[in-house]
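Asks: Structure incoming, see below.
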């Protein structure tokens, strides 16, 4: 009798635990206050007529068409597309036929202009006649590129179609600068390059998407590499001008920050999560309640991205340690319960992107700036090749390795300054400047 009572008590306890656990699985979380804040965040209003992003969209529009008007037309078509029930994840690029009218052949760029790899100056020098004959046909798009930089604002409002073509256009600009320098118009060429670098640095703090931020970073990198080539070409001329502040000034936290980009990524993925969740309304509601919780999924995504954002504010020398701690936390977070919100956890896993690599890419931009500054002073002071390592060891730590403050290295066989950097996947990368 006592045994039966004891067995009933045990069974009742097990049943209560199962019931509590089942109820637990049915309850979704509430969105945390900081999550709601990022979901509801909207960029500051920018007058469309002041927004150079539309001119950027229209760089390759039909000949004779105002580039800003072409970009604004993209926005209007996109807005109508959304109003008709379209999704931001399926941009109707096939409808933007007027913005990719002027063809820029990447093969010719690489063969004759050679700016894709960051060594535009040497390629133009080798193919100077061909480049000089080819550039005039691109006068209109180059003029548009210059006009784009006169707009006071730059805020991304719709994903850019034909992104590669706009990067190629910057290579055209670099080819023009290189040709002008090599044909004796050094002062004009130098000022064009400095103005271009100043522009991309200025808009790097603006509210853009992640891809656009990486494009801006790439523009800055190749501009600094071109300045490095000018150092090798005529240090005497550059010494008279002085090192421009666009290169002497270290990149600020705001310039390297990805806060705007992470917030945009979070909002985009949160919308996807909500659409997927809403799409299950006609399915098994019990399955959705048990294994896919909308708020819990959005909270988990925000936690994941917030952890990456925190890395973006860590001082250079503490980044490796902070990244190791972040990775350990990430592994722990990923190994937590797969029962509660199982489908939601899977979605967060699928949506996971190596955002940490973007932060390292921004670090590379600052490291490259330091190499350019070192090259300038090294050439300006006429340091002999045999004395370069000793000279580098005496430079200020603010020009040393971002993470260790160790002096830059020098490869005498390749005549290159370098920093040995580490990618977030552990792969070693040598950042060089010849």
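Asks: Mind ordering 401-408, 201-208 by average Cβ neighbours within 10 Å, highest first?
Replies: 201-208, 401-408
Asks: Right, here's the next one. For the residues 34, 255, what sequence is obtained by ranking on other C-beta atoms within 10 Å, fewest first?
Replies: By the 10 Å Cβ count, ascending, the order reads 34, 255.
Asks: Rank-order 183-189, 414-420 by packing density, defined as the average count of other C-beta atoms within 10 Å over each peptide's residues, highest first. Display every interim value, and only then the final one.
Replies: On the way: 183-189: 13.4, 414-420: 16.4.
Result, highest mean first: 414-420, 183-189.
Asks: Ranking request for peptides 240-253, 306-319, 360-373: highest mean number of other beta-carbon atoms within 10 Å first, then the rest in descending order. Walk me through the numbers before you get to the answer.
Replies: Numbers: 240-253: 13.6, 306-319: 15.4, 360-373: 19.7.
So the peptides 240-253, 306-319, 360-373, ranked by packing, come out 360-373, 306-319, 240-253.
Asks: Let me ask another. Roughly speaking, what is the stretch gain from residue 274 to residue 385, that is 0.36 nm per residue apart minus the C-alpha to C-alpha distance, in nm to one decimal? Could you put the intermediate results ahead of the total?
Replies: Working: separation 111, 0.36 × 111 = 39.96 nm, distance 6.11 nm.
Full-extension gain reported as 33.9 nm.
Asks: Here is a follow-up. So how much slack lies between residue 140 and residue 422, counting 0.36 nm per residue of separation and subtracting their Cα-Cα distance, in nm? Each step should come with its number before you reach the end.
Replies: Values: separation 282, 0.36 × 282 = 101.52 nm, distance 4.17 nm.
Gain on extension, residue 140 to residue 422, equals 97.4 nm.
Asks: Once fully extended, how much extra length lies between residue 234 and residue 303, figured as 0.36 nm per residue of separation less the alpha-carbon to alpha-carbon distance? All intermediate terms of the calculation are to be shown ahead of the outcome.
Replies: Numbers: separation 69, 0.36 × 69 = 24.84 nm, distance 5.10 nm.
Length gained between residue 234 and residue 303: 19.7 nm.
Every number here is computed from the coordinates shown, using simple stated rules; none is lab data. Since the model is a prediction, treat every value here as computed from it, not as a measurement. Cβ coordinates were reconstructed from backbone atoms using ideal geometry, including for glycine residues, and neighbour counts include every protein chain displayed.
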